[in-house]
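Peer 1: Sharing a structure with you now.
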Amino acid sequence: MTALLTVRNLSHRYNADVLLSFADVLLSRGALLMVRGPSGSGKSTLLHLLGGVLPITSDAGSVLLDGTDVGSLTSKQRDGLRPFVVGWMPQRHSMIGSVSVLDNVLLPVALARRVTGADRMRASELLRALEIESLAERRPADISVGQLARVNLARALAAQPKLLLADEPSAALDDASVNAVASVIAVYVSEGGSAIVASHDGRLRDSLLRMLGDRFSERSVAP
């Protein structure tokens, strides 16, 4: 398996007193890294840096993603990584309340190009695999927080990205839903996608390890 993502000497400074430093990462295509650690340890910040949501300053290390130096990109170019290079699942679920769940899943694709029948079919298949297909025509305000989390994962995967960045994808889920989330992520990785999942959920960790075997690795982030 060849490397999709290489991270070297990465750090991020919020102010003069808070500097987060991260261990080096070499992530292969078709592999998953779970990042674990307590709240405030920097898990979300790491994902924001890797996905181009936060800029990487010239003295803060390097991120090479699919042959592109993320730190050299402009803000617009970093935004262009999503949704086809990076599938972005933030911890906060921001949905457009005036459109259906299905259209929310397709939104990143629709903002980049015309939505095709194949796109709609994939979005529907993701909702089915996440056991929320029956919610496709409902509005986000009419579904639960746990259901919104699964919609958010479907949206991150709808464009078949090269790298999935998922922040606490199993938060507020029962055991059956955690297993569905793990299964969808495992299928994505088994089909050649790469993933970094930030989570402190032992249930998700155990499910992904069982499903992915040696494609799974994990690392702790210390505050």
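Just so you know, all these numbers are worked out from the coordinates, no wet-lab data involved. Source: prediction; values computed, not measured. No Cβ is skipped: glycine too gets one built from the backbone with ideal geometry, and neighbour counts run over all protein chains shown.
Peer 1: Filter region 111-139 down to the residues that are among the aliphatic types (A, V, I, L, M) and loosely packed, with under 14 Cβ neighbours inside 10 Å and list them by number.
Peer 2: Within region 111-139, LEU111, ALA112, ALA118, MET121 meet the criteria.
Peer 1: crowded, with 18+ Cβ neighbours inside 10 Å and within 21 Å of VAL197 (Cα to Cα): does that describe LEU102?
Peer 2: The answer is no for LEU102.
Peer 1: Right, next: From the residues in region 187-211 that are of a type in the set (A, V, I, L, M, F, W, C) and out of contact with any strand residue (DSSP E or B) (no Cβ under 6 Å at 6 or more places or on another chain), which one is surrounded by the fewest Cβ atoms within 10 Å (Cβ to Cβ)?
Peer 2: Among those that are of a type in the set (A, V, I, L, M, F, W, C) and out of contact with any strand residue (DSSP E or B) (no Cβ under 6 Å at 6 or more places or on another chain), it is VAL187.
Peer 1: While we're here: Any idea how many residues of region 175-186 are surrounded by 14 or more Cβ atoms within 10 Å (Cβ to Cβ) and out of contact with any Ser or Thr (no Cβ under 7 Å at 6 or more places or on another chain)?
Peer 2: Selection size over region 175-186: 6.
Peer 1: Can you tell me which residue in region 111-164 is nearest to SER28 (Cα to Cα), limited to those that are within 15 Å of the chain's Cα centre (by Cα) and not hydrophobic (A, V, I, L, M, F, W, C)?
Peer 2: Filtering first and then ranking leaves LYS162.
Peer 1: If I ask for residues that are under 19 Å from LEU164 (Cβ atoms) and in a loop (DSSP other than H, G, I, E, B), which ones from region 96-130 would you list?
Peer 2: LEU130
Peer 1: Condition first: touching a residue at least 40 places away in the same chain (Cβ under 8 Å) and either of a type in the set (Ser, Thr, Tyr) or in contact with a Cys (Cβ under 7 Å, 6 or more places away or on another chain) (or both). Can you find one or more residues in region 44-52 that meet it?
Peer 2: Yes.
Peer 1: Would you check if VAL86 is within 15 Å of the chain's Cα centre (by Cα) and β-branched (Val, Ile, Thr)?
Peer 2: Yes: the conditions hold for VAL86.
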